1. Among what's in segment 112-130 and is surrounded by fewer than 18 Cβ atoms within 10 Å (Cβ to Cβ) and out of contact with any strand residue (DSSP E or B) (no Cβ under 8 Å at 6 or more places or on another chain), pick the residue that is farthest from residue 41 (Cα to Cα).
2. If I filter segment 105-147 down to residues being outside any helix (DSSP H, G or I) and under 17 Å from residue 70 (Cα atoms), which single residue comes out as nearest to the chain's Cα centre (by Cα)?
């Protein structure tokens, strides 16, 4: 009877995991013996909601993403204020009248809401999206959903 060492067991589990992934995702590219597993995005229409890191705030990001041939082809993104029941849009700054810092922040984040879907279609990778200057809030919400 052969003694199974921790090293042999780890190698066996790794090999079985790779084979299981290959069976489940035959279109995947699997590098045996390495940590990296690259799978294309699966075609379909996906919808998601998230608050990102901002769980104490009433804002929800909502996305609808269409993937065709493993690529992002349509990306829609909105942020809704669940306490005021309205979208965060170009008119939202009215809630910050008299506060120029928040008005500028609102404008920057609105620019981000409009730009991030296009950036995702161009880059095809959520990890390669750069935040627009001053629009980190909308970037974090978008990334939390799109990832």
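No lab work stands behind these numbers, since they all come straight from the coordinates. In this text the structure is predicted, and so the values were computed from the model without any measurement. Cβ atoms come from the backbone with ideal geometry, glycine included; neighbour counts cover every protein chain shown.
1. 114
2. 147
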